[in-house]
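Down below is the structure, laid out as structure tokens.
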Amino acid sequence: MLTTTEISKGQFVKSKAGRDKDRFFIIIEIVDEVYVKIVDGDLRRVENPKLKKIKHLVKMNNVSDDIQQKLIENRKVTNQMVRREIEKQGMI
């Protein structure tokens, strides 16, 4: 089972349950051991991230270095950046 120690901000994930099943997202916040906040820049925008249980996500092996760096430095991440990173990985 996936835990918060195995993931990081900027990590690409795929939803495996719920209304958003099979969609790709980027983690923008780790809330606690069970929940993270995810965005895709389209349906789930940066202004309104989805709170999702980690057990309902599949971790992808890649991380967006640009977004991860901005989140660490508390700089603004835009929806366009998120969409571009997901598209760049060929996940759309």
Kindly provide the helix-only [θ] at 222 nm of the chain, computed as the sum of -39,500 (n - 2.57) over DSSP H runs of four or more divided by all residues, to the nearest 500 deg cm²/dmol? -5500 deg cm²/dmol
Which distance in nm do the two modelled labels at Glu29 and Glu6 give, with both placed 7 Å along the Cα-to-Cβ direction? 2.4 nm
Which value in nm describes the separation of the simple spin-label points at Glu73 and Lys55, placed 7 Å from the Cα toward the beta carbon? 3.8 nm
Length-normalised contact order for segment 4-88 - Cα pairs under 8 Å, 6+ apart - percent: 32 percent
Please find, in a Gaussian network model of the chain (springs between Cα atoms separated by less than 10 Å), the residue of Arg45, Arg23, Arg75 whose mean-square fluctuation is greatest. Arg75
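No lab work stands behind these numbers, since they all come straight from the coordinates. The shown structure was predicted, so the numbers you read here are calculated from the model rather than taken from an experiment. Note that each Cβ is placed from the backbone with ideal geometry, even for glycine, and that neighbours are counted across all protein chains shown.
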